[in-house]
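The next block holds one structure in the form of structure tokens; read it before the comments.
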Amino acid sequence: MTPDEMLARLLYRDALILVIDKPAGLPVHAGPGGGDNLEQYLDALRFGLPRVPSLAHRLDRDTSGCLVLGRHRKALAKLGRMFESKRVGKTYWAIVEGAPEQDSGTIDLALAKKSERKDRWHMKVDPDGMETVTDYRVRGRGPGIAWIEFNPRTGRTHQLRVHAQAMGWPIVGDQLYGSGGADGTLHLQSRAITLPLYPSRDPVHVEAPPPPHMLERLRQCGWEPT
């Protein structure tokens, strides 16, 4: 990714934070074996500051959309407290296989990490696991699919993917918890994020445009570009 391509993904900028539109398929940081990752391109977003901006939270490699960066240490500390105290509003869009019977609801299923071996793990519904709660709303329905808006109350790893699979409507393109699909690209986007950063101002609300790989199925479910 060139510096210009990174700059083109900038959705919001102020003195404390940046919000970028993370592409699907790119991990946010290097794994044990190294490899291409988002952090190696963040130098293009310094805008004159001495430090490269840092990740305030994480998105899965295959999830696209709004990702928040802190521009300096004080900003990162403030963001960390906000995420920890669940004061950050998160909205995700997904295309799922099948559809919920109800147009809205809440999924309350505890999750735990399961490992078959050290280098392979996944999340699983487990009554003894961590409390995990997701609100959902059906935005549209198509042939054998549905467009879902998720609002997670908790921030567990793979939360939406496991909750969707457990309910019987896995996310399209999910290689780990679903059927994978023909193109194998996860149809899950961090659509919007809301941060109450400033006491005397409205919360910062940022939205990302739907990613190209989700457009066809979104249209099948009734979405129209504004």
Computed over the Cα atoms of the range 37-77, what is the convex hull's projected area averaged over all directions, in nm²? 3.1 nm²
Per q in 0.17, 0.32, 0.33 1/Å, what log10 I(q)/I(0) does a Debye calculation on the alpha-carbon atoms of the range 186-226 return? -0.58, -1.12, -1.16
In the chain, if every C-alpha pair distance is counted and binned at 10 Å from zero, what percent goes to each bin? 8, 31, 36, 21, 4, 0
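Keeping every protein chain in place, order Met1, Met6 by accessible area at 1.4 Å, biggest value first, i.e. largest first. Intermediate values should be presented prior to the final figure.
Working: Met1 70, Met6 0 Å².
Sorted by accessible area, descending: Met1, Met6.
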Cα centroid of the range 1-64 to Cα centroid of the range 73-150, whole Å: 22 Å
How far is helix 73-84 tilted off the main Cα axis of the chain, in degrees rounded to 10, range 0 to 90? 20 degrees
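What share of Cα pairs, in percent, lie more than 22 angstrom apart in the range 51-146? Write out the running numbers ahead of the final one.
Details: 2379 of 4560 pairs.
Counting every Cα pair in the range 51-146, those more than 22 Å apart make up 52 percent.
What does the charge add up to near Trp147, with Lys and Arg as +1, Asp and Glu as -1, over the other residues with Cβ less than 15 Å from its Cβ? Don't skip to the answer; put the middle values down first.
Values: positive: Arg137, Arg139, Arg141, Arg191, Arg217, Arg219; negative: Glu97, Asp103, Glu149, Glu216, Glu224.
Local charge sum for Trp147: +1.
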So what's the net charge close to Ala112: Lys and Arg +1, Asp and Glu -1, counting the other residues with Cβ under 10 Å from its Cβ? +2
Looking only at lysines whose Cα falls under 16 Å of Lys22's and that sit 8 or more positions away or on another chain, we get Lys90
Excluding residues fewer than 8 positions from Lys78 in its own chain, the aspartates and glutamates with Cα under 20 Å of it are Asp14, Asp202
When only C-alpha pairs under 8 Å and at least 6 residues apart count, what is the relative contact order of the range 137-211, in percent? 14 percent
Beta bridges by DSSP in the chain, antiparallel share as percent, to the nearest 5: 95 percent
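The values are calculated or read from the model by the stated rules, or taken from the named source; none is laboratory data. It should be emphasised that the depicted structure is a prediction, and the values quoted were computed from it without experimental measurement. Every residue, glycine as well, gets a Cβ built from its backbone with ideal geometry; the counts of neighbours run over all protein chains shown. Side chains included, ligands, DNA and RNA excluded: accessible areas come from the protein's heavy atoms. Shrake-Rupley method; radii C 1.70, N 1.55, O 1.52, S 1.80 Å.
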